[in-house]
1. Of all residues being out of contact with any Leu (no Cβ under 8 Å at 6 or more places or on another chain) and part of a loop (DSSP other than H, G, I, E, B) in the range 325-335, which is nearest to ligand 2 (Cβ to nearest atom)? Just the residue, please.
2. Anything in the range 96-112 that is out of contact with any strand residue (DSSP E or B) (no Cβ under 7 Å at 6 or more places or on another chain), over 12 Å from G46 (Cα atoms) and surrounded by fewer than 17 Cβ atoms within 10 Å (Cβ to Cβ)? List them, or say none.
3. From the set of residues in the range 50-71 that are more than 9 Å from ligand 2 (Cβ to nearest atom) and within 17 Å of the chain's Cα centre (by Cα), which is nearest to A124 (Cα to Cα)?
4. Quick test for you: out of P294, P315, P322, pick the one residue that is touching a His at 6+ places or on another chain (Cβ under 7 Å), more than 16 Å from ligand 2 (Cβ to nearest atom) and either without any contact (Cβ under 8 Å) to a residue 60 or more places away in the chain or not small (G, A, S) (or both).
5. Could you go through the range 341-349 and let me know if any residue there is among the aromatic types (F, W, Y), in contact (Cβ under 8 Å) with a residue 40 or more places away in the chain and surrounded by fewer than 24 Cβ atoms within 10 Å (Cβ to Cβ).
6. What are the pairs with Cβ atoms under 7 angstrom where one residue, in the range 364-390, is touching a residue at least 40 places away in the same chain (Cβ under 8 Å) and under 18 Å from D251 (Cβ atoms) and the other, located anywhere, is among the small types (G, A, S) and surrounded by 14 or more Cβ atoms within 10 Å (Cβ to Cβ)? Sequence gap at least six, or different chains.
7. Can you find, within the range 199-230, the residue that is surrounded by the fewest Cβ atoms within 10 Å (Cβ to Cβ) among those that are within 16 Å of ligand 1 (Cβ to nearest atom) and either over 17 Å from the mean Cα position of the chain (by Cα) or not in a loop (DSSP other than H, G, I, E, B) (or both)?
8. Could you tell me whether the range 63-76 includes any residue that is within 14 Å of ligand 1 (Cβ to nearest atom), assigned to a loop (DSSP other than H, G, I, E, B) and either closer than 26 Å to D196 by Cα or at pLDDT 95 or above (or both)?
Amino acid sequence: MKSRAIVAASFGLGFCCLALAAPGPTESQAIELLMANISSPGAAPGAVVAAPRDQGPQGPDYFYHWVRDAGLVMDVVARLYARETDTARKAAFERALLEFVRFSRRNQLTPTPSGHLGEPKFNADGSAFHGPWGRPQNDGPALRALALIRLARAWLAEGQEATVREWLYDGKFPTQSVIKTDLEFVASRWRESCFDLWEEVRGKHFYTRVVQRQALVEGASLALRLGDPGAAQWYLAQARGLESELDRHWDPRVGAVVPTLERDGGIDYKTSGLDASVILAVLHAGAGADRFGPLDERVLSSFRRLENEFAGLYPINHKGWPAVAIGRYPEDRYDGVSTGREGNPWVLLTLAFGEFLRVSASAAEAAGRVAVTPVNVGFLRAFGASAPVGAAIAGAELARLMAAMRVRAEEYVARGRLHADGVHLSEQINRHGGQMQGARDLSWSYAALLTAGPLAGFVIGLPAAGSTLPGDRARR
Ligand code: NOJ
Ligand code: NOJ
């Protein structure tokens with residue numbers, strides 16, 4: 001309790017100083033703008049729209065419930081709920097979560113063009129969306145499960161096991177509950193090709209696989225805790241299957257983890273092999289992930305390659321602003337409204353790069369040493385480390401490395417806020433002028449701001465279940 005308060009206090013301080021120096025929403029403004037997109041007027045209770053309906057005459061139509069965006073946003077709401085001490089505010093977060101659970105269960109039972117749970121988005125009233133789209137997108141159910149597993153952990157920590165069983169995980173087969181329905185989907189269909197998180201490429205995706213694996217691992221712990229050991233074993237076996245696929249995404253010629261293997265549809269001009277979704281994958285799996293975690297040499301190398309690439313690519317990265325504004329991938333042609341134009345840096349990715357450095361520095365601190373390898377040496381040099389390949393960085397040199405990473409982390413977060421329009425964040429940052437572009441008040445941008453700063457380091461552990469499974473650790 002005490003250390004939690006200290007963490008919160010120190011972040012509050014850092015954030016407030018940053019807020020004075022830079023535009024963009026404060027923590028409470030970001031929470032308010034994020035909450036405004038949940039159960040909003042014109043949408044069904046529990047719908048989490050990607051952005052408000054009114055986007056002006058030229059704006060994109062983001063007034064839909066995307067399963068991915070909603071999962072990521074509600075994961076943040078579950079963290080807000082778990083740490084809240086004010087009764088009224090806690091009740092408001094819980095109400096949003098309960099409505100989201102009901103809405104999600106309805107999504108699961110609604111027939112859709114995908115014919116299974118990989119349907120990427122629903123109309124804001126909860127009905128199926130029948131227009132053409134890049135479907136299916138099989139990361140959605142995994143992200144929804146991860147958010148709700150976090151809620152389950154919070155409720156279990158409060159002694160509300162009956163509520164967890166009633167609302168989230170019934171341990172039955174066939175199941176009527178939302179988390180188990182998602183886990184059964186992931187466990188039985190992870191081998192299938194689908195569209196990526198950017199809704200453009202069909203194939204086997206690193207991001208999708210990482211979040212699927214994490215959902216299965218955390219789902220297995222929850223299943224075990226709730227007396228469903230057969231399911232736990234099955235989920236873990238499938239997680240192991242996913243793991244052997246993950247390693248294939250490392251491409252030494254690129255010096256990065258490549259986003260897609262076995263492409264079988266969608267756009268074909270992503271030739272660099274670089275994609276910032278690799279960093280998002282690491283964050284969305286949580287710092288506890290034991291594979292492709294925030295200190296993995298392949299991840300560090302990918303970070304460095306991406307940072308260099310975007311630093312050179314966007315004119316606004318040559319103007320002396322802090323850190324680097326980060327885009328989805330170098331060949332991107334989506335301008336926030338249509339594809340076939342000029343891609344831009346994104347707010348949520350720039351913030352994610354800051355979050356990554358903070359998480360990675362903490363992982364280095366916990367490890368106590370970082371081995372210098374031919375693969376991670378470029379990353380480490382960029383933060384001033386001089387130890388040769390083959391040596392280990394520890395002691396005072398490790399402390400200097402971590403400090404440099406943390407300074408850079410704050411610069412990234414400052415940069416993600418810098419281009420805000422007053423308190424409002426959109427999806428993109430115009431690559432020439434730096435003005436906000438694309439969907440205004442994008443829910444995911446606010447979620448990314450909150451995880452990059454104020455909610456950092458806030459952990460809900462799973463209460464002791466009697467036995468634990470290998471590979472299971474609490475997520476951040
Ligand atoms: C193409 C974009 O690249 C993709 O990310 C977006 O979701 C769709 N168009 C729909 O706007
Ligand atoms: C486009 C992004 O590429 C996709 O990931 C997101 O789900 C939608 N916009 C909605 O925000």
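1. D332
2. Residue satisfying the conditions is L109 alone.
3. Looking at the filtered set, the residue picked out is H65.
4. Only one candidate passes the filter, namely P315.
5. no
6. Sorted first by the residue in the range 364-390, then by its partner, the pairs are V375/S301; N376/S301; G378/S301; F379/S301.
7. Restricting to residues being within 16 Å of ligand 1 (Cβ to nearest atom) and either over 17 Å from the mean Cα position of the chain (by Cα) or not in a loop (DSSP other than H, G, I, E, B) (or both), the top hit is G203.
8. The answer is yes; a qualifying residue exists.
The values are calculated or read from the model by the stated rules, or taken from the named source; none is laboratory data. Not measured: the values here are computed from a predicted model. Note that each Cβ is placed from the backbone with ideal geometry, even for glycine, and that neighbours are counted across all protein chains shown.
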